[in-house]
Amino acid sequence: MCGIIGIAGATDVAAALYDGLTVLQHRGQDAAGIATMDGNRVHLHKGNGLVKEVFDERAMALLTGRVGIGHCRYPTAGSEGSDEAQPFYVNSPYGIALAHNGNLINTDALRRLVFEEDKRNVNTESDSEVLLNVFAHELAQQGALTPQAAVAAVAGVHRRCTGGYAVVSMVLGLGLVAFRDPHGIRPLVLGKRVGPNGTEYAVASESVALDILGFVRERDVQPGEAVVINFRGELHAEVCAAPRPHAPCIFEYVYFARPDSMIENISVHKARMRMGVTLGQKILRLRPDHDIDTVIPIPDTSRDAALEIANVLGVKYREGFIKNRYVGRTFIMPGQGERVKSVRRKLNPIPLEFKDRVVLLVDDSIVRGTTSQQIVQMARDAGAKKVYLASAAPPVRHPNIYGIDMPSADELVAHGRTEQEIETLLGCDWLIYQDLADLEAAVAGPKFPNRPFDSSCFSGEYVTGIEPGYFERIQQLRSDDAKRKRRAP
Ligand SMILES: O=P(O)(O)OC[C@H]1O[C@H](OP(=O)(O)OP(=O)(O)O)[C@H](O)[C@@H]1O
Ligand SMILES: NC(=O)CC[C@H](N)C(=O)O
Ligand SMILES: [Mg+2]
């Protein structure tokens, strides 16, 4: 999952883009980049690392201009190399820079067509560079460079690209162009700020980026919509895709997004609390006479749900693991070796919270099982009498192909296993998962109980449809094994 942000401002925007990226850092820790537009020049700086590592004062000083875009990357295609850091730039037509959150699933076919028919070279393995070239080709087919031309080009992207995409781009001579895939799988929110120098707009993966920059959240960019903001700060927005089922990614609410974000008018924090309530109720249903002494969250993301579980069960909530704040998110690290090592470096138990107690550990999700396997053992080593484990999400049994790097079913601890088998593998005394219907209802909330979601990694149902052989191909390309081999010298 990557973080994206675009600003059409009244003064230079690089510093605001930088600040915005730092609050989107949880969405991608591998690479970061900013591109700005100043007159007829695009300035671009990007590289591997966290936002604070990629930019220094000198790099920032060169990023002049009132329109700009930023990206922090968690790769789902190609390699982790710096040449695939974003934004990408093409010089024709006009000069376009683009940053993408999501994953295309027809990249191979598109790449061929872009080369053979559009006569354009894609220089990396990145699906986002393919997307940029499709957009560029479609824009080149239009007449004069107007907001309508940009919308028509985005309509072309919608016709040709399949998968999850939220995109910020800028076109020299026009301004900022942002758009979202026709199913609205990946999030994108629009904000406005009226200041002494005029009206400014920002779009970002999550509303937290708007909050800290003083933009007021206006609305989500609609599925299939293109939003164009020109240099005078005038906004033109149009839905330009044939209607498709709306399917925002449910995993954003489970794990990815920050709790202080609003996505599709749903508070992520509230969604997580409701997940805790429904899971707590399930625990009470299955074990009305449970012997749980304390509920302990596995920091960070599970905290909201864990607190509500404790409330429903009527037992104490205790922080039993202390997180080293200087270690990043484990799940989005590129290699399994690195993930395994970092769990121990990141989390350390407070023994007195475990000693002689029956503890219920709560995680937001169990994906590869890397975290839970080690955590259960740590709890036992710290003296717990019994260790129960609850997951606020159902078993992840299927790949995610729309922007979360879980391409290989074999790497998922729940794939092809019963809950009983997973319990044994993770070494806990009892394992309990949220039911999918409860998760969907918890995220949707009481006001819109039947809202649809992309829950494909739980259900195995893919809203875009899947070409035969696709899973086998991405397994070959993107399994941990394949990535290790690619990285080997
Ligand atoms: O089963 P696994 O493959 O281990 O993946 C799931 C775990 O990874 C994530 O934590 P992460 O450390 O990435 O971030 P967090 O601090 O936000 O919880 C998630 O919150 C789970 O704890
Ligand atoms: N997680 C993402 O959104 C990744 C974007 C893009 N597919 C890349 O690999 O760079
Ligand atoms: Mg976690």
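The values are calculated or read from the model by the stated rules, or taken from the named source; none is laboratory data. Quick caveat: nothing in here was measured; it's all calculated off a predicted structure. Here Cβ is always computed from backbone atoms with ideal geometry, including for glycine, and neighbour counts include all displayed protein chains. Accessible surface areas use protein heavy atoms only, side chains included; no ligands, DNA or RNA. Shrake-Rupley method; radii C 1.70, N 1.55, O 1.52, S 1.80 Å.
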Task: Subset of the stretch 398-435 [of a type in the set (D, E, K, R) and open to solvent by 70 Å² or more (accessible area, probe 1.4 Å)] - done: ASP410, ARG417, GLU419, GLU421
Task: Residues (touching a Ser or Thr at 6+ places or on another chain (Cβ under 9 Å) and either open to solvent by less than 20 Å² (accessible area, probe 1.4 Å) or of a type in the set (Phe, Trp, Tyr) (or both)) located in the stretch 114-149 - done: THR124, SER126, ASP127, VAL130, LEU131, LEU132, PHE135, ALA136
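At least 2 residues that are crowded, with 17+ Cβ neighbours inside 10 Å and not hydrophobic (A, V, I, L, M, F, W, C) in each: list the helices (runs of 4 or more DSSP H) lying fully within the stretch 1-94 that qualify.
Values: elements: 14-23, 51-54, 57-62.
Of the helices (runs of 4 or more DSSP H) lying wholly inside the stretch 1-94, those with at least 2 residues that are crowded, with 17+ Cβ neighbours inside 10 Å and not hydrophobic (A, V, I, L, M, F, W, C) span 14-23.
Yes/no matrix, rows are residues, columns are (1) part of a strand (DSSP E or B); (2) outside the structural domain of ARG73 (by the TED database); (3) under 22 Å from the mean Cα position of the chain (by Cα):
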| residue | (1), (2), (3) |
| --- | --- |
| ASN123 | no, no, no |
| LEU131 | no, no, yes |
| VAL134 | no, no, no |
| GLU138 | no, no, no |
| LEU145 | no, no, no |
| ALA152 | no, no, no |
| HIS158 | no, no, yes |
| GLY164 | yes, no, yes |
| ARG186 | no, no, yes |
- [ ] Note down all Cβ pairs under 9 Å where the first residue falls in the stretch 113-131 and is more than 16 Å from ligand 3 (Cβ to nearest atom), the second is among the charged types (D, E, K, R) and open to solvent by 70 Å² or more (accessible area, probe 1.4 Å), and they're at least six residues apart or on different chains.
- [x] ASN123/ASP83; THR124/ASP83; SER126/ASP83
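For ASN311, are the conditions met, namely being in a strand (DSSP E or B) and open to solvent by 40 Å² or more (accessible area, probe 1.4 Å)?
no
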Open item on the list: Considering only residues that are open to solvent by less than 10 Å² (accessible area, probe 1.4 Å) and either near ligand 1 (Cβ under 9 Å from one of its atoms) or within 30 Å of THR162 (Cα to Cα) (or both), which ones fall in the stretch 368-390?
Closed with: GLY369, SER372, ILE375
TODO: Could you check how many residues of the stretch 95-114 are in contact with a helix residue (DSSP H, G or I) (Cβ under 6 Å, 6 or more places away or on another chain) and either more than 13 Å from ligand 2 (Cβ to nearest atom) or not in a strand (DSSP E or B) (or both)?
DONE: 5
Open item on the list: I need the full set of residues from the stretch 463-488 which are more than 18 Å from PRO248 (Cα to Cα), out of contact with any Pro (no Cβ under 6 Å at 6 or more places or on another chain) and in contact (Cβ under 8 Å) with a residue 40 or more places away in the chain, in order please.
Closed with: GLU467, TYR470, PHE471, ARG473, GLN475, LEU477, SER479, ASP480, LYS483, ARG484, ARG486, ARG487
TODO: Could you list, in sequence order, all residues of the stretch 447-462 that are touching a residue at least 60 places away in the same chain (Cβ under 8 Å) and surrounded by fewer than 14 Cβ atoms within 10 Å (Cβ to Cβ)?
DONE: GLY460
Task: Residues located in the stretch 215-237, provided they are open to solvent by 20 Å² or more (accessible area, probe 1.4 Å), at pLDDT 95 or above and of a type in the set (A, V, I, L, M, F, W, C) - done: VAL216, LEU235, ALA237
TODO: Residue by residue through the stretch 88-110, note down the ones that are hydroxyl-bearing (Ser, Thr, Tyr) and on the phi < 0 side of the Ramachandran plot.
DONE: TYR89, SER92, THR107
- [ ] Can you tell me which residue within the stretch 436-449, out of those that are touching a helix residue (DSSP H, G or I) at 6+ places or on another chain (Cβ under 7 Å) and not aliphatic (A, V, I, L, M), is farthest from ASP304 (Cα to Cα)?
- [x] PRO449
